[in-house]
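**Student:** A single structure is presented below for examination.
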Amino acid sequence: MTSSSPSPALAGARILLTGASCGIGQATAQALAEAGADLALNGRHAEGLQDVAAQVVAEGRGAHLLPGDLRDPGAPARLVEAAATSLGGLDALIHIAGAYTADAAGQFRMAPLLRSRDEDWSAALAVNFTAALQLCRSAHPHLVRSPQPSVLLMSSAVGLMGAPAGEAYAMTKAAQVSLVRSLAVAWGPQHIRVNAVCPGIVDTGAFETLEGDEELSHWLLSRTPLGRWASVHDVAQAVLFLTCPAAGFITGQALAVDGGMSVPGSGFTAPDIPAFRERGQADESSTPAAAH
């Protein structure tokens, strides 16, 4: 009697992944490819996408590059159609691309409401929420033809609990959670699962400035029961699980991958340190939210 290796969990799955050129998106692409998926990869940075595509191909899977900025009018709908054409259909939509208030170097920047600008809000809304809506709407006709369709939105722990000094970002991430729950109910009869992953602070290049603020970094870690930042692989594995058939009876959920930060009683309230103080005026040193 001969034995054969079990098929990968996502063997032949056709997945559109946004935000794939770096960080969480890059780690997720690798995890999905290792699980047997073929990917349509979207991101704003063509060079980063090429590197990710090479990793996917090295796993023996298909990689289709679809660079573009989801803030552009009509871009989400065009992206979905291009992905479905390239892959020959669509089994899953994973929206990781996100926008946050950044400094001139692209580093995450605290932005209390009274220091924020209209541009911060509009950019965060465009990528985090409006693009999510448009991607889901455009993907639906393709997903209903899949035997195991699913949608995964990358929300945030602050979408579950709020964020002092980050209201624009937190609001859009909370809206994503609401969208997930609403679509899970609306699309459940068509067997389309819809979930969110809600990371806490993730150890990516975007947070180097935050980590360099010793007072703020110490405060945040003290409110994280596991006492460390998440790695991109921590988050990617959560995305992989919710996309796999093993999660086939899970829908409408917002899975916190935050080391316990969002657990009631962990103490996430604004401390009296400079990063959280309102100054009553827009912060001219920040740039509109960066998208990845």
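**Student:** Can you run down the residue pairs with Cβ atoms below 6 Å, 6 or more apart or on separate chains, where the first is in segment 72-101 and in contact (Cβ under 8 Å) with a residue 24 or more places away in the chain and the partner is of a type in the set (Ser, Thr, Tyr) and outside any strand (DSSP E or B)?
**Tutor:** Close Cβ pairs satisfying both conditions: 77/138; 80/138; 91/146; 92/243; 100/169; 101/286.
**Student:** Which residues, taken from segment 143-153, are crowded, with 21+ Cβ neighbours inside 10 Å and in contact with a helix residue (DSSP H, G or I) (Cβ under 7 Å, 6 or more places away or on another chain)?
**Tutor:** The first filter runs over segment 143-153 and keeps only residues crowded, with 21+ Cβ neighbours inside 10 Å, leaving 143, 149-153.
Listed by number, the residues that qualify are 149, 150, 151, 152, 153.
**Student:** Go through segment 171-189 residue by residue and tally those that are hydrophobic (A, V, I, L, M, F, W, C) and touching a Ser or Thr at 6+ places or on another chain (Cβ under 7 Å).
**Tutor:** Qualifying residue count, segment 171-189: 2.
**Student:** Only one of (1) in contact (Cβ under 8 Å) with a residue 24 or more places away in the chain; (2) of a type outside the set (Phe, Trp, Tyr); (3) not in a helix (DSSP H, G or I) fails for residue 163. Which number is that?
**Tutor:** So residue 163 meets the others, but not (1).
**Student:** Would you call residue 178 hydroxyl-bearing (Ser, Thr, Tyr) and assigned to a helix (DSSP H, G or I)?
**Tutor:** yes
**Student:** Okay, next question. Which is at pLDDT below 60 and touching a strand residue (DSSP E or B) at 6+ places or on another chain (Cβ under 8 Å), of 247, 289, 270?
**Tutor:** Of the residues listed, the single one that is at pLDDT below 60 and touching a strand residue (DSSP E or B) at 6+ places or on another chain (Cβ under 8 Å) is 289.
**Student:** Could you check segment 149-160 and list, in sequence order, the residues that are outside any strand (DSSP E or B), touching a residue at least 60 places away in the same chain (Cβ under 8 Å) and not hydroxyl-bearing (Ser, Thr, Tyr)?
**Tutor:** Narrowing segment 149-160 to residues outside any strand (DSSP E or B): 149, 155-160.
Checking which are touching a residue at least 60 places away in the same chain (Cβ under 8 Å) leaves us with 155, 157, 159-160.
Those that are outside any strand (DSSP E or B), touching a residue at least 60 places away in the same chain (Cβ under 8 Å) and not hydroxyl-bearing (Ser, Thr, Tyr): 157, 159, 160.
**Student:** Let me ask something additional. Are any residues in segment 95-123 among the hydrophobic types (A, V, I, L, M, F, W, C), at pLDDT 75 or above and more than 23 Å from residue 29 (Cα to Cα), and if so, which ones?
**Tutor:** Residues of segment 95-123 among the hydrophobic types (A, V, I, L, M, F, W, C): 96-97, 99, 102, 104-105, 108, 110-111, 113-114, 121, 123.
Filter once more, keeping what is at pLDDT 75 or above: 96-97, 99, 113-114, 121, 123.
113, 114, 121, 123, listed by residue number.
**Student:** Tell me, which residue of segment 10-26 that is surrounded by fewer than 24 Cβ atoms within 10 Å (Cβ to Cβ) and among the small types (Gly, Ala, Ser) is nearest to residue 69 (Cα to Cα)?
**Tutor:** Top of the filtered list is 23.
**Student:** Cβ contacts < 6 Å: first residue at negative phi and aromatic (Phe, Trp, Tyr), restricted to segment 1-16; second residue surrounded by fewer than 10 Cβ atoms within 10 Å (Cβ to Cβ) and modelled with pLDDT of 95 or more, any location; separation 6+ or different chain. Result?
**Tutor:** none
**Student:** Could you check residue 78 against (1) over 24 Å from residue 156 (Cβ atoms); (2) in contact with a strand residue (DSSP E or B) (Cβ under 7 Å, 6 or more places away or on another chain); (3) among the basic types (Lys, Arg) and say which number it fails?
**Tutor:** Every condition holds for residue 78 apart from (2).
**Student:** While we're looking at this one, here's another question. Could you go through segment 37-46 and let me know if any residue there is surrounded by fewer than 24 Cβ atoms within 10 Å (Cβ to Cβ) and closer than 17 Å to residue 149 by Cα.
**Tutor:** Yes; the residues of segment 37-46 include at least one that is surrounded by fewer than 24 Cβ atoms within 10 Å (Cβ to Cβ) and closer than 17 Å to residue 149 by Cα.
**Student:** I'd like to know if segment 202-214 contains one or more residues that are under 27 Å from residue 247 (Cβ atoms) and assigned to a loop (DSSP other than H, G, I, E, B).
**Tutor:** yes
**Student:** Give me a count of the residues in segment 16-32 that are touching a Gly at 6+ places or on another chain (Cβ under 8 Å) and of a type in the set (A, V, I, L, M).
**Tutor:** The number of residues fulfilling the criteria is 2.
The values are calculated or read from the model by the stated rules, or taken from the named source; none is laboratory data. Only a predicted model underlies this, so the values are computations on that prediction, with no experimental measurement involved. Cβ sites come from the backbone with ideal geometry, for glycine too, and all protein chains shown count toward neighbours.
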